[in-house]
Ligand code: DGJ
């Protein structure tokens, strides 16, 4: 069981596998002591390192704070590294002396007001509230720590309350900060761009500040709200790794500051660039939640911890553990050029292939025949849909398919009735050009009236047709950022208030329509984060559906996210984004490691391809629980070799996938060693008709006899005997 032990000034959070320890020093400053494998006890007070530390004022009267590993550092008393909290008081001062006031320990995991956050329905986790205060300012800072029972994760967040008499400006409020005693780490981040999301970057820590951030208004495709620190020699299966991720979808920073003494300060939270928040007396600011995974079993251990967290403590609702419908989306088949007849023809063929849901993508509303118009006007285009969404959804349902629909609710086109009626409803700054992205502007979700409009517009469509699934898209970053309703001293709150508004809308819509499966999307994977996952169990990984590119994208994504969250579809070859021609089998094999579907008109397939598609769909149905919810093991990284390989291990079976990018003449057959099997159990490898023990499969491996040609894949199905 997870527990939180308090002995004297020491706080020890632990579960069966990990421990997190800090203690109070001086006049009650929380000093970081340990994050690692479980300890029974730790009798080595940090203050012993400092002679004079017994004196309550020692840390404020000397420059010793700079040498103290801390839990939530501030600025102003000798610690010249970046603090976790940076304020400006009524006199322009920035000194903050936070010291212990009291603490509370409860079972379970409290929700965070207005924000997505991990939860614990079983109540097996323990949560500590550590209340600190700056008595002079009357600022109360509560550090919340949760230790989970079933995954090696600590959740942290912070609330700042102004109990004083004057307003305080918050310029920086990190969700978590940890000082590690040395800097002998490598830093892993996930970076990329549209169509190249979440590439694994790894470099050795150096002196100074390094990390990942976004100031784009979305968590972004450019850099994910995640970083990991790994020890020298850490690989996929061995060695220490500490992963940090943020349960948030907006601007963030995740940084490591290596100081002159070689210590590493790791911090994650809302990006302080272009951010500030005015806190009037009586007001409280809540940060998003940071989740920190510790593993001594390499990156796979870190990913296991995150995957369990996501499945058990982030994703909610009826679909959290349910089978997801195998879908057919018309976007790459038609883009904006469709009518009801064309859609029904595509859907009918999908049904013949065994698919379970038809999704109508962009272009069904207003007079949207291209991307220049109509966002915000969420009424059907009668020319394309003469019987409306109601009629279309009924016809699709009559075929025995579910019906899904695309929205981009946070956006407005200049050419729309909504914009003509409410030109001040978009993010903008007075007398400045309203920069368009994909010919659209971003609605100002920091405003209650805009949120109400968005919620009602989506709800009205969901109520008047039979809609089982919503693809919630968002296709541009925020720029310029500003709100017509906020006073000048609060303009820099806009981006965070936007997220709060958006989360509020999502909370209400998902509660009002609990049977609807929501998939988040943002130009593909521009907002693939734990915040979105709290409302929407799956997310479109990338607009790049090329199987070769997807190997990299899905492999990188899997560092944090399980396959049940990754939207992955088979699309046309040559691929629209890369021009690559990949075999249909490879496209299907890659998409199977995600929420499976198709992005093409199956009517355009040859009979042979269609027959294969029927077989692929049958295969996914037969193994869907394993493919979706089995434990994912990465076997070979496309970031390091030409071979991508992973496997998922479920109840009594496993599916192994290997993709080789380029054919190599005159090469020996490679062997692939498997993972996650039971050593002593026997397994039938169906495709090879071979019976091997878990030990043989994991130590000796399977031969990879790829067919000739580039982008070939192999799939093996293992049945436990
Ligand atoms: C971007 C999405 O990622 C695509 O899948 C598609 O829905 C388009 N938007 C539609 O505009």
* Asked: Limited to segment 655-714, what total is found for residues that are part of a loop (DSSP other than H, G, I, E, B) and either farther than 13 Å from residue 642 by Cβ or free of Cβ contacts under 8 Å to residues at least 12 places away in the same chain (or both)?
  -> 21
* To do: Please work out if residue 533 is surrounded by 20 or more Cβ atoms within 10 Å (Cβ to Cβ), touching a helix residue (DSSP H, G or I) at 6+ places or on another chain (Cβ under 8 Å) and either modelled with pLDDT of 95 or more or more than 22 Å from residue 563 (Cβ to Cβ) (or both).
  => yes
* Restricting the first residue to segment 405-429 and requiring it to be more than 24 Å from residue 464 (Cβ to Cβ), which pairs with a second residue that is within 13 Å of the ligand (Cβ to nearest atom) and in a strand (DSSP E or B) meet a Cβ separation below 8 Å and a spacing of at least six or different chains? -> 414/440; 415/373
* Matching residues in segment 525-560 - criterion: being part of a loop (DSSP other than H, G, I, E, B), away from the ligand (no atom under 16 Å from the Cβ) and under 14 Å from residue 226 (Cβ atoms) -> 558, 559, 560
* Quickly run through segment 310-343 and pick out the residues that are in a helix (DSSP H, G or I) and away from the ligand (no atom under 16 Å from the Cβ). => 310, 311, 312, 313, 314, 340, 341, 342
* Can you tell me which of 400, 391, 350 is more than 16 Å from the ligand (Cβ to nearest atom) and on the phi > 0 side of the Ramachandran plot? -> 400
* Here are some conditions: (1) free of Cβ contacts under 8 Å to residues at least 24 places away in the same chain; (2) under 30 Å from residue 151 (Cα atoms). Residue 536 meets all but one. Which one does it not meet? -> (1)
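Condition check ((1) under 15 Å from the mean Cα position of the chain (by Cα); (2) surrounded by fewer than 24 Cβ atoms within 10 Å (Cβ to Cβ)) across all residues:
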{"position": "195", "(1), (2)": "no, yes"}
{"position": "243", "(1), (2)": "yes, no"}
{"position": "262", "(1), (2)": "no, yes"}
{"position": "265", "(1), (2)": "no, no"}
{"position": "273", "(1), (2)": "no, yes"}
* Asked: Given the structure, is residue 528 in contact with a helix residue (DSSP H, G or I) (Cβ under 9 Å, 6 or more places away or on another chain), in contact (Cβ under 8 Å) with a residue 12 or more places away in the chain and surrounded by fewer than 22 Cβ atoms within 10 Å (Cβ to Cβ)?
  -> no
* **Selection status of residue 305, away from the ligand (no atom under 16 Å from the Cβ) and under 30 Å from residue 233 (Cα atoms)** => yes
* Inspect all residues belonging to segment 78-92 and state whether any of them is within 27 Å of residue 165 (Cα to Cα), in contact with a helix residue (DSSP H, G or I) (Cβ under 9 Å, 6 or more places away or on another chain), modelled with pLDDT of 95 or more and not in a strand (DSSP E or B). => no
* Please tell me if residue 155 is within 21 Å of the chain's Cα centre (by Cα), part of a strand (DSSP E or B) and in contact (Cβ under 8 Å) with a residue 40 or more places away in the chain. => yes
* Asked: Hey, among the residues in segment 631-642 that are assigned to a loop (DSSP other than H, G, I, E, B) and either in contact (Cβ under 8 Å) with a residue 24 or more places away in the chain or crowded, with 23+ Cβ neighbours inside 10 Å (or both), which one's nearest to the ligand (Cβ to nearest atom)?
  -> 638
* residue 563 is checked against (1) within 16 Å of the ligand (Cβ to nearest atom); (2) under 25 Å from residue 530 (Cα atoms) and fails just one. What number does that condition carry? -> (1)
* How many residues are out of contact with any strand residue (DSSP E or B) (no Cβ under 9 Å at 6 or more places or on another chain) and surrounded by 24 or more Cβ atoms within 10 Å (Cβ to Cβ) if we restrict to segment 150-164? -> 0
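So that you can scan it fast, the table gives a plain yes or no per residue for (1) touching a helix residue (DSSP H, G or I) at 6+ places or on another chain (Cβ under 9 Å); (2) buried (at least 20 other Cβ atoms within 10 Å of the Cβ):
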position	(1), (2)
32	yes, yes
36	no, no
43	no, no
49	yes, no
52	yes, no
61	no, no
65	yes, yes
68	yes, yes
73	yes, yes
* Asked: Do any residues in segment 49-66 that are at positive phi have Cβ atoms under 8 Å from those of residues that are part of a helix (DSSP H, G or I) and at pLDDT 75 or above, where the two are at least six apart or on different chains, and which pairs are they?
  -> 52/58; 52/64
* To do: At least 1 residues that are in contact with a helix residue (DSSP H, G or I) (Cβ under 8 Å, 6 or more places away or on another chain) in each: list the strands (runs of 3 or more DSSP E) lying fully within segment 158-252 that qualify.
  => 185-191, 199-204, 226-231, 241-247
* Among the residues of segment 508-524, write down those that are out of contact with any helix residue (DSSP H, G or I) (no Cβ under 7 Å at 6 or more places or on another chain) and assigned to a helix (DSSP H, G or I). => 511
* In this structure, does residue 479 turn out to be in contact (Cβ under 8 Å) with a residue 24 or more places away in the chain, surrounded by fewer than 19 Cβ atoms within 10 Å (Cβ to Cβ), in a loop (DSSP other than H, G, I, E, B) and not assigned by TED's automatic domain parsing to the domain that holds residue 251? -> yes
* Structure fact -> When (1) crowded, with 23+ Cβ neighbours inside 10 Å; (2) away from the ligand (no atom under 16 Å from the Cβ) are applied to residue 583, the one that fails is (1)
* Residues that are in contact with a strand residue (DSSP E or B) (Cβ under 7 Å, 6 or more places away or on another chain) and either over 15 Å from residue 181 (Cα atoms) or not in a helix (DSSP H, G or I) (or both), drawn from segment 45-76 -> 45, 53, 59, 68, 69, 70, 71, 72, 73, 74, 75
* Of all residues in segment 415-454 being under 15 Å from residue 475 (Cα atoms) and touching a strand residue (DSSP E or B) at 6+ places or on another chain (Cβ under 8 Å), the one that is surrounded by the fewest Cβ atoms within 10 Å (Cβ to Cβ) -> 439
* State which residue is farthest from the ligand (Cβ to nearest atom) when the search covers only segment 472-490 and only residues that are in contact with a helix residue (DSSP H, G or I) (Cβ under 9 Å, 6 or more places away or on another chain) and more than 14 Å from residue 445 (Cα to Cα). => 490
* Looking at residue 377, is it in contact with a helix residue (DSSP H, G or I) (Cβ under 6 Å, 6 or more places away or on another chain), within 16 Å of the ligand (Cβ to nearest atom) and over 22 Å from residue 540 (Cα atoms)? -> yes
* Asked: Which one of these does residue 42 not meet: (1) modelled with pLDDT of 95 or more; (2) in a loop (DSSP other than H, G, I, E, B)?
  -> (1)
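The values are calculated or read from the model by the stated rules, or taken from the named source; none is laboratory data. Please read these numbers as outputs of a predicted model, since none were measured by experiment. With ideal geometry, Cβ positions are generated from the backbone for all residues, glycine too; neighbour counts draw on all protein chains shown.
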